[in-house]
Amino acid sequence: MDMHTVVVGTSGTTADDVVAVARHGARVELSTAAVDALAASRLIVDALAAKPEPVYGVSTGFGALASRHISTELRAQLQRNIVRSHAAGMGPRVEREVVRALMFLRLKTVASGHTGVRPEVAQTMADVLNAGITPVVHEYGSLGCSGDLAPLSHCALTLMGEGDAEGPDGTVRPAGELLAAHGITPVELREKEGLALLNGTDGMLGMLVMALADLRTLYTSADITAALSLEALLGTEKVLAPELHAIRPHPGQGASADNMLRVLAGSGLTGHHQDDAPRVQDAYSVRCAPQVNGAGRDTLDYAAVVADRELASSVDNPVVLPDGRVESNGNFHGAPVAYVLDFLAIVAADLGSICERRTDRLLDKHRSHGLPPFLADDAGVDSGLMIAQYTQAALVSEMKRLAVPASADSIPSSAMQEDHVSMGWSAARKLRTAVDNLTRIVAVELYAATRAVELRAAEGLVPAPASQAAVAALRAAGAEGPGPDRFLAPDLAAADTFVREGRLVAAVEPVTGPLA
C-alpha cells in the first residue's frame with residue numbers, strides 16, 4: 001500500500017488525488033479546516049432540527065415522501081432506514097478502485113462543510129478507506145439522479161457496520177466484523193447524515209477521472225502504433241509537417257502529429273511512395289491519424305475541464321450555505337458528467353476503428369505494399385495474424401455499440417418526483433468496458449505493426465530508432481516476432497499488458513523525448 005497521504009480540505013480535490021486513493025491505496029487525512037467546517041455546518045443543522053418548522057432532509061421524508069414531517073424520536077431511524085432501503089443494488093460487484101473513488105469523493109464533498117455531517121462521520125469514512133475496507137457495491141442501482149444513490153448507500157451501510165464488505169486481504173465478510181477487526185466504531189447517523197452520504201455524482205465522477213487517466217496513455221500509445229503502421233506501409237511522414245497542422249490549429253491534432261513525427265525520426269522506411277508501387281498519397285487511416293487522434297485528445301481536454309469543475313463542487317441536497325441557510329437544489333443531477341462520459345465512449349470507438357483499419361491494411365497483400373499476406377511466414381500453410389484481426393474487429397464492433405449515449409435516455413422514478421435522470425452511472429460503466437476494449441485494439445495494431453516493421457528490416461530497410469526500441473521492448477515483454485504459426489493468444493495478452501501498463505510509451509520516450 002502506498003504511504004502517500006492525501007489531505008482532504010474544504011475546497012475539493014484533484015484528479016491525481018483520486019487516482020492515488022482509488023488505485024494506489026494512498027492514505028486519507030482530514031485537514032483542520034475541514035474538521036472546523038464540518039463542526040460549524042453541523043451546528044446549523046442541529047439548530048434547524050430543534051425548530052418546529054419542517055426542513056427537507058433534516059426533519060422530513062425524502063423524494064416523493066418529502067411532505068411528511070418526522071418527529072424528533074424517529075429521525076435517527078429515518079436516517080438508518082434511508083441507507084438500508086436505498087442499498088438496493090443488484091448484479092455483479094463493481095471494481096475495488098471504483099468503490100474507493102466513490103467513497104473518497106463522497107468524503108471530499110462531506111469535508112466541504114456544506115452537508116451538515118458531523119466530523120466523526122467524516123473521520124469514520126477516512127478510517128474505512130485507510131483500513132482497506134471496500135464495501136460491496138453492485139453494478140445496477142443508479143440512475144445518475146439523485147446522484148449514485150444505491151452505490152453510495154452500500155458504502156454508507158458499511159459505515160453503519162451493516163451489509164458486506166471486502167477486507168484488505170480480499171475476503172468478503174460482514175462489515176461489522178471488519179470494522180471491529182480494525183478498531184472502527186460504526187456510526188449512529190443523525191439528522192440529514194444518511195441523506196448526505198447518498199446524494200452525489202461520486203461514482204460516475206470517479207470513473208470519469210480514472211478513464212481520463214487511462215485514455216491519456218492510450219492516445220499516446222495510439223500515436224505510436226499509427227507511426228509504426230505508417231512506417232511498415234512505407235508511407236510518407238511529410239503529412240506530419242508542423243506547418244500543415246498549424247493551418248488547422250486544433251491543439252490535439254498538432255500534438256498527435258508531433259508525436260508521430262518524433263517516433264518516425266531517422267526511419268529508413270518512410271517516403272517510398274514512388275518506388276515499385278507508386279502512390280500519390282496514403283490512405284485516410286494512415287494520412288489522417290493526427291486529425292482523428294487529435295480530435296479525441298481535444299475531447300479528453302474538455303472532459304477534464306468538466307471533471308475538474310465537479311472535483312471542486314459540493315454536491316448534496318439540501319446544502320448548508322455560508323450564510324446559514326439550508327436550501328434544496330438540483331446540483332446532484334449528473335448531466336454534466338454523463339455527457340462527457342458519453343463523448344469519451346464515442347471518441348474511443350472511433351480511435352479503435354481507425355486502428356483496426358490500419359491493421360487490416362497491414363495484413364492485406366493487395367494494400368500492404370509488398371508485405372506477405374496476413375504477415376504469415378508461409379502463407380497458406382500459415383494463417384499469420386488473420387484471426388488476430390478478427391478479434392480486433394469484434395472489439396471494434398462492440399465499441400460502436402458502447403458508443404450509443406446513455407445520457408440520451410431518461411426513465412422517471414420516485415413517483416414522478418425524479419422525472420428526468422442522467423443515466424451517468426450507466427455511461428460510466430460502459431465507458432470502462434470501452435477503455436478496456438480500446439486497450440486490446442491498440443495492442444493488436446502494435447503487435448501487427450511491429451511484426452511488419454521487423455519483416456521490412458529483414459529486407460534491409462532500417463526502422464526508426466524509436467520503432468526499434470518499441471519492438472525490442474515488446475519482444476522482451478513476451479510477444480514474439482515473425483515466424484511460423486503458434487498459439488497466438490499469449491502473445492496478444494502480452495501486448496495488451498504492455499500497452500495497458502504504459503510500457504509502450506515508456507519504451508519510446510528515451511528515444512523521442514517526452515510525448516504529449
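Brief remarks follow.
- Principal axis dimensions, the stretch 320-362 - Cα atoms, whole angstrom, descending: 66, 14, 6
- Taken about its Cα centre, the stretch 172-224 carries a charge dipole of roughly 20 debye when the Cβ of each Lys and Arg holds +1 and the Cβ of each Asp and Glu holds -1.
- Inter-probe distance in nm under a simple model that places probes 7 Å from Cα toward Cβ, at Ser11 and Asp323: 2.3
- Largest accessible area first, the listed residues Asp36, Asp485 line up as Asp36, Asp485 when surface is computed with a 1.4 Å probe on the assembled protein chains.
- Cβ-derived FRET efficiency at R0 41 Å, Val305 paired with Glu139, nearest 0.05: 0.90
- For the stretch 220-266 and the stretch 18-36, distance of Cα centres in Å: 40
- Secondary structure note: in the chain, about 70% of the DSSP beta bridges are antiparallel.
- Applying 1/(1 + (r/R0)^6) with r as the Cβ-Cβ distance of Arg23 and His420 and R0 = 30 angstrom yields a FRET efficiency of 0.35.
- Gain upon complete extension [Ala312, Glu398; 0.36 nm per residue less C-alpha separation]: 27.5 nm
- The stretch 368-427 - Rg and Dmax from Cα coordinates, angstrom: 22.3, 67
- Principal-axis tilt of helix 465-476 within the chain, Cα atoms, nearest 10 degrees: 70
- Sites excluded, GluC sites (Glu not before Pro) in DSSP loops with at most 14 other C-beta within 10 Å, longest stretch of the chain: 189-458
- Reach of Lys400 by Cα under 30 Å, taken over lysines that are not fewer than 8 positions away in the same chain: Lys365, Lys430
- Ellipsoid equivalent to the stretch 1-113 - semi-axes via the Cα gyration tensor, in Å: 32, 21, 10
- Charge tally in the Cβ shell below 14 Å around Asp169, where Lys, Arg are +1 and Asp, Glu are -1, Asp169 excluded: 0
- Angstrom value of the Kirkwood radius, inverse mean 1/r, which spans all Cα pairs in the chain: 24.7
- With the convex hull drawn around the C-alpha atoms of the stretch 357-516, the volume per residue stands at 146 Å³.
- Label-reachable residues, the stretch 157-178, where backbone N falls under 17 Å from a point 7 Å from Thr185's Cα toward its Cβ: 159-162, 176-177
- Across the stretch 285-401, the fraction of Cα-Cα pairs farther apart than 20 Å, rounded to a whole number, is 62%.
- Net charge of neighbours whose Cβ lies under 13 Å from the Cβ of Arg190, counting Lys and Arg as +1 and Asp and Glu as -1: -1
- Angle between the chain longest axis and helix 489-500 axis [Cα atoms, degrees, rounded to 10]: 60
- Environment charge of Asp258, counting only residues whose C-beta is closer than 15 Å and scoring Lys/Arg +1, Asp/Glu -1: -1
- Size of electric dipole in the chain: Cβ of Lys, Arg +1 and of Asp, Glu -1, about Cα centre, debye, nearest 20: 440
- Alpha-carbon centroids, the stretch 345-410 and the stretch 102-176: separation in whole Å: 41
- Here the ratio of the Cα radius of gyration of the stretch 259-342 to 2.2 N^0.38 Å is 2.05.
The values are calculated or read from the model by the stated rules, or taken from the named source; none is laboratory data. As the structure is a computational prediction, the values presented were derived from the model and not from experiment. Don't worry about glycine lacking a Cβ; one is built from the backbone with ideal geometry, like all the others, and counts go over all protein chains shown. SASA here: full protein model, heavy atoms, side chains in, ligands and nucleic acids out. Shrake-Rupley method; radii C 1.70, N 1.55, O 1.52, S 1.80 Å.
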